[in-house]
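**Q** Can you keep this structure in mind? I'll have questions shortly.
The values are calculated or read from the model by the stated rules, or taken from the named source; none is laboratory data. Keep in mind that this is a model prediction, so the values were computed, not measured. Don't worry about glycine lacking a Cβ; one is built from the backbone with ideal geometry, like all the others, and counts go over all protein chains shown. Side chains included, ligands, DNA and RNA excluded: accessible areas come from the protein's heavy atoms. Shrake-Rupley method; radii C 1.70, N 1.55, O 1.52, S 1.80 Å.
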Amino acid sequence: MIVWQAHGNDSGELEYWGNASAVGRVTVCDNEADGHGVYVQLMSEAGESLSWTDSGGSDGVCRTDDSYFAVNFIRWFRVCERINNWPDNCTDKVNITKGD
């Protein structure tokens, strides 16, 4: 399964292979030289939130890391852009249900 979301030219991805009880991989890409950082956020079934930021900004190098949650325990996934002194601008949440 692969979940991919675009936020303008920025993007986030969640993928895994085989058994959904395995840990997946998260990728976040900041492709806009607009001064706004980009991050991916996951929420677990237990209500724990984790996020990953493309700390290199729009340098053309995406950040990839383990999701730390087994994919079948992820409730939702989204991509957000940090907006200074305002609420962050996020995509709609992609709900992930067991069997997806």
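**Q** Taking the alpha-carbon set of region 19-65, what are its Rg and Dmax in Å?
**A** Considering region 19-65 through its Cα atoms, Rg and Dmax are 12.6, 38 Å.
**Q** Also, I was wondering about something else. Pop out the carbon and sulfur fraction of the accessible area of the chain as a percent, whole number, probe 1.4 Å.
**A** Details: 2550 of 5470 Å².
On the chain, the fraction of accessible area on carbon and sulfur atoms equals 47 percent.
**Q** If you don't mind, there's one more thing I want to ask. Which ³J(HN,Hα) values in Hz, rounded to whole numbers, follow from the phi angles of region 40-45 under the Karplus curve 6.51 cos²θ - 1.76 cosθ + 1.60, where θ = phi - 60° and Gly and Pro get x?
**A** Couplings: 9, 10, 10, 10, 7, 4 Hz.
**Q** Right, next: Given an 8 Å cut-off on Cα distances and at least 6 residues of separation, report the relative contact order of the chain as a percent. Each step should come with its number before you reach the end.
**A** On the way: 242 pairs, mean separation 27.5, N = 100.
Value for the chain: 28 percent.
**Q** Whole number in Å², please: accessible area per residue of the chain, 1.4 Å probe, ligands, DNA and RNA not counted.
**A** Values: 5470 Å² over 100 residues.
Normalised by residue count, the accessible surface of the chain is 55 Å².
**Q** Next up: Would you mind getting the Kirkwood hydrodynamic radius of the chain from its Cα pairs, rounded to one decimal in Å?
**A** Working: mean 1/r = 0.0739 Å⁻¹.
Result for the chain, one decimal place: 13.5 Å.
**Q** Summing +1 for each Lys or Arg and -1 for each Asp or Glu, what net charge is found among the other residues whose Cβ lies under 9 Å from the Cβ of D88?
**A** Working: positive: R82; negative: E81.
Local charge sum for D88: 0.
**Q** Same structure, new question: All other residues with a Cβ under 9 Å from the Cβ of V38 taken together, and with Lys, Arg as +1 and Asp, Glu as -1, what is their net charge? It would help to have the intermediate numbers written out before the result.
**A** Numbers: positive: R82; negative: D10, D30, E32, D54, E81.
Computed value for this residue: -4.
**Q** Another question, if that's okay. Subtracting the Cα-Cα distance from 0.36 nm times the residue separation, let me have the gained length for E15 to D88 in nm, one decimal. Could the numbers behind the result be given before it?
**A** Working: separation 73, 0.36 × 73 = 26.28 nm, distance 2.42 nm.
Using 0.36 nm per residue and subtracting the Cα-Cα distance, I get 23.9 nm.
**Q** Still on this structure, please answer the following. Would you calculate the separation in nanometres between label points at D66 and T53, each defined as 7 Å from the Cα along the Cα-to-beta-carbon direction?
**A** My value for the distance between the label points is 2.3 nm.
**Q** Choose one answer from V28, V79, V61: the residue with the largest mean-square fluctuation in a GNM of the chain with alpha-carbon springs under 10 Å.
**A** Comparing V28, V79, V61 in a Gaussian network model of the chain, the most mobile one is V61.
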